[in-house]
Structures are given as structure tokens and as C-alpha cells.
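The values are calculated or read from the model by the stated rules, or taken from the named source; none is laboratory data. Keep in mind that this is a model prediction, so the values were computed, not measured. Heads up, the Cβs are rebuilt from the backbone with ideal geometry, glycines too, and the neighbour counts pull from every protein chain shown.
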């Protein structure tokens, strides 16, 4: 089969999926860059439509291959030094979270991203949520797209292993919400974070939105000139504290 040139409709679709959240939502697909992340998507059981391989690149086993003409991937990829392949991956069906059964909420441990704007922060939060055994990452309206190229890269594959819900009403999740603040609340290591919980991480500049009703607040004490911690760093400390307390309770 002849290598695909830049004007090929499949290549133009790649550009739309890389560049526009609306295209990803409308088509139910997004783009994963690089063989490591594509292989991770395959291992995790996600549906990979096709991979687009630059000259000299090695395709991932088990995924349909489309070969690219020279110079195409440099014009399409979202990084200055692109990887050797791109793949189109189908968005999963939304997990049935947010309702309760006789044992309580379906998701016991949730990270709530409330208006996060930085894709790198969200990607890191996904990594920390997956590493600490959280059940779900729930994102309120106005939060950055978890399937944008930057977020997917920053997640280092975690996005394929922790369920993500977008445009969620956090108050309908069925778990107590714990807001994070730089200036009010109980010190996070003193707070009881066992049991069902939603850790709310607000916007990097403005914090937790006023219209989100949290049940209680925790704070991370710190010294030095910084007014507050980076959102992803704060989330990481909190989710691993939840894991620490959960392990302690089970011993």
C-alpha cells in the first residue's frame, strides 16, 4: 500500500483529533503518540483502530498499520521531536460510577479535578491516582481534556488503567468530598481519610469552585515563600496519605 501523504483524509483526521477537543468528543477517539504508550493501550485492552508509522519506525504488534510518507509525522505530531508512530484509540464507554448500591457508592476512592487547567498537572494526577489504588478520576465541567495529547503523555500510560469521567457533578458522586486548601482545614496527616472519599483538587489559580459543596477541608502545611503547592503535587501527597491510612486500617 502506498504511504499516506499529508493531504490524505486519514492524516487530516489525525490532525483534528490531536488539535480539537470537540473532534475527540464527536468522533469518540483520540491520538496516542509513541510505541510505548500505544503498546500500553493494547495491553490494557483498549480498542486501537490503527497505527500510523513513519519511515524507519517499528509498529506495535497486533494493531493495523498505515505507513506514512517521509516528513508527514513531523507536520502532524504535537511535539517538536515526534515519536515514530501515532495511533488512533477509541474512547471507552463511561464507567457506571456515581450511583450507589446496597454496599454504598460504587467508587470508594475518587480524585475530583475541579477546573484544572494544566494538562501536565492532570496527567500527573492520573499517574498518582492509579499508583495509589484510587478507583476513579472525576472531572467537573471546565476541566482540561484528559485525552488531549499533553495529558496522555503526562499520564505515562496511567490513563489506560484508571477510569475517568468528564463533565461530572461532583456532588452526585455519592462519596464525602474533602476539599484541599492552602489556608484552612485540618492538617491532612491528622485527618481521618479512611472510608469512601473524594479528594477535590481545584483550579491552579483559583482553587476549589465556590459552587462545589465540600464536606470538609484539609491543608498541607509548608514553609518558605510559596503560597501553595502545585496542584499535582498536592494531589499526590493526599492520595498516598489515603493509601497509607487504608493500609494501616487493614493491619
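Side notes on the structure shown:
- Taking the criterion of being over 19 Å from residue 247 (Cα atoms) and surrounded by 24 or more Cβ atoms within 10 Å (Cβ to Cβ), the residues of the range 123-135 that qualify are 125, 126.
- Qualifying residue in the range 5-16 (condition: surrounded by 15 or more Cβ atoms within 10 Å (Cβ to Cβ), modelled with pLDDT of 95 or more and out of contact with any helix residue (DSSP H, G or I) (no Cβ under 9 Å at 6 or more places or on another chain)): no
- Selection of the range 148-162 for residues being surrounded by fewer than 21 Cβ atoms within 10 Å (Cβ to Cβ) and assigned to a loop (DSSP other than H, G, I, E, B) yields 156, 157, 161.
- Qualifying residue in the range 98-107 (condition: surrounded by 22 or more Cβ atoms within 10 Å (Cβ to Cβ) and at pLDDT 95 or above): no
- For first residues located in the range 1-23 and closer than 20 Å to residue 141 by Cα, partners that are assigned to a loop (DSSP other than H, G, I, E, B) and at pLDDT below 95 and lie 6+ apart or on another chain with Cβ distances below 9 Å form the pairs 19/78.
- Qualifying residue in the range 238-247 (condition: closer than 30 Å to residue 26 by Cβ and in contact (Cβ under 8 Å) with a residue 12 or more places away in the chain): no
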